[in-house]
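Here is the structure we will look at.
Any read-out appearing in this document is the output of simple, stated calculations on the displayed coordinates, not a laboratory observation. This one's a predicted model, so the numbers in the text were calculated from it and none came from an experiment.
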Amino acid sequence: MTTRDRRDALVLWFFVAFFALFASGRLGSSDAGEQLRAAVVLTGTGSLGTDAPPAAGWFQAPNGRYYEPHDLGNLLLMLPAATLGTIVSAKPIADQVASPPVIGRVLGSLSCAFLAALACVWLYELLVFYTPPRTAFLMALAFPCATIFFAYARVAWDVLGACAMMCGVLYYSLAYLRDGGARRSAFMLAGTFGAALTFRYSLAPFLTPAAGYILWSGRSSARTAVAAAVLFALILAPTFAYNFVRTGSLLRPATASTEYLAGANALTGSLPHGAYGLLFSPNRGLFVFSPVLLAALAVPFVVNRFVAEQRVVVAAYGLGAAAYFLLIAKMTAWGVFGWGPRYLVPILPVIFVMACFTALTVTPGARRLIFVTAVVSAVMTFPTAVVNWSLATTTWPEALDPDARLPYQQIAAWKAFGLGLKGQSLPVPADAVGDPARASTAQFPDLLIARLTRRLIAHD
């Protein structure tokens, strides 16, 4: 094993241990819970559909059956966890669908945490192209510690998978351009991009042209380009089939149906209001929650200092991410509940990499300023690492208002942290009182290892 291989292995195991340590072991959103439920349905019945909706929000397809409306990625990611939960549970499958086994919930959450570790490894490998390994490692560590990524990585939100895969897309795009269009990099680019769309199909109209441009820019052989395109199509084939079953169209997902886009999800919002809210509003703004990302705004002024492949990747994915951002800004529910702007998480790696490239090219004085913003960002991110931020903020009415004039989400999370230090728990939701696994998530700290320790002590 070479020195580089040993170093890469250490980085991988560090991030696996890091996310295992901070994993909450819970499903932090109803979307993730429904995707696990759909995985249990598939495991137990061999079908993704049901004759009656097992929970609110399931989508009725033209064939009369009901399906979970979100994309396929999280369902497939949690399928092994659902399968194991089904095997070890003694409950009838109907009861497991109604309330997925605890082991399935825990392992489903850990699946997302380990995917987050892989995302950070990809970022490290990307950055080590341009900076010494120690600096690359610290910058990759800043991705969870200084951005909103950490809040979602710990608790299995459906936006996480696309975000993680986009880290791979960026890494393999740069590797592909650097090595002159090598077949392996082309295939890995196609594979990770196909996986990203499997998790977040709505990225397709905006980032597919970007990935295609990267493939063309690498000047690979026609055979390699065609093979990569075929691989991409094969990876997306299950998504196309899932779309067709639910909507009657290969290209239209259930989340783009007339019923789903009605009300809060309608694209009828004010674009300037949504754009300001997503980036700068006190209670949802990306740059308020992660000030270090402000460095990405300097790209137009320093892009001439980037190396050739950096310019190509930043231009291609930056334009695609900007177009996706405008779509989200147009949504009536641009500020839907989450830690900061949840819907921007899939394109967060693009913004983060732009900020990193800026930091590597600016003057030492400007670099120190970026470091200060990184420290501030890490401080603001810290509560989400140890408290149940979603429970803290949903029990604080002002935190639910995306247009609030104060950062109530931050305030709620810090108050929860203060309560935890005093040995006090958060309020347990009424629908979780009878579920010990869910009720325990109100305790401090919100870590799986802490809950397991408390349980062992209680049974000692």
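Output the Kirkwood hydrodynamic radius of region 305-460, Cα pairs only, in Å rounded to one decimal. Please report the intermediate quantities before stating the final value.
On the way: mean 1/r = 0.0538 Å⁻¹.
In region 305-460 this quantity evaluates to 18.6 Å.
Roughly how many whole Å is it from the C-alpha centroid of region 93-147 to that of region 325-356?
18
Would you mind calculating the gained length between A56 and R223 on full extension (0.36 nm times residue separation, minus the Cα-Cα distance), in nm to one decimal? Don't skip to the end; give the middle numbers.
Working: separation 167, 0.36 × 167 = 60.12 nm, distance 4.73 nm.
Once the chain is fully extended between A56 and R223, it gains 55.4 nm.
Per the Kirkwood formula on distinct C-alpha pairs, the Rh of region 139-268 is how many angstrom? Don't jump to the answer; show the numbers that get you there.
Working: mean 1/r = 0.0621 Å⁻¹.
It works out to 16.1 Å.
Run the Debye formula on the Cα coordinates of region 132-213, all scatterers equal and no solvent, and tell me log10 I(q)/I(0) at q = 0.13, 0.24 1/Å.
Scattering profile of region 132-213, log10 relative to I(0): -0.48, -1.14.
Among the complete DSSP H segments of the chain, which ones combine at least 27 Å of alpha-carbon extent along their axis with a mean Kyte-Doolittle hydropathy of 1.6 or more? Don't skip to the end; give the middle numbers.
Working: long enough: 3-22 (29 Å, 0.86); 102-127 (38 Å, 1.77); 160-178 (28 Å, 1.24); 222-247 (35 Å, 1.30); 308-330 (33 Å, 1.09); 364-386 (34 Å, 1.24).
Span-like helices in the chain: 102-127.
P(r) tail for region 337-376, what percent of Cα pairs lie past 16 Å? Could you put the intermediate results ahead of the total?
On the way: 370 of 780 pairs.
The calculated P(r) of region 337-376 puts 47 percent of pairs beyond 16 Å.
Which of the aspartates and glutamates could be linked to K415 by a straight reach, that is with a Cα gap under 19 Å, when you skip same-chain ones fewer than 8 residues away?
E398, D401, D446
Just the Cα atoms of the chain, one point each, no solvent: what log10 I(q)/I(0) does Debye give at q = 0.10, 0.11 Å⁻¹?
At q = 0.10, 0.11 Å⁻¹ the computed log10 ratios are -0.73, -0.90.
I'd like the per residue volume of the convex hull spanned by the Cα atoms of region 101-160, given in cubic angstrom. Provide the component values of the computation, followed by the final result.
Values: hull volume 4.3 nm³, N = 60.
Each residue corresponds to 72 Å³ of Cα convex hull volume.
Using alpha-carbon positions, what is the distance between the centroids of region 196-250 and region 159-189, in Å?
13
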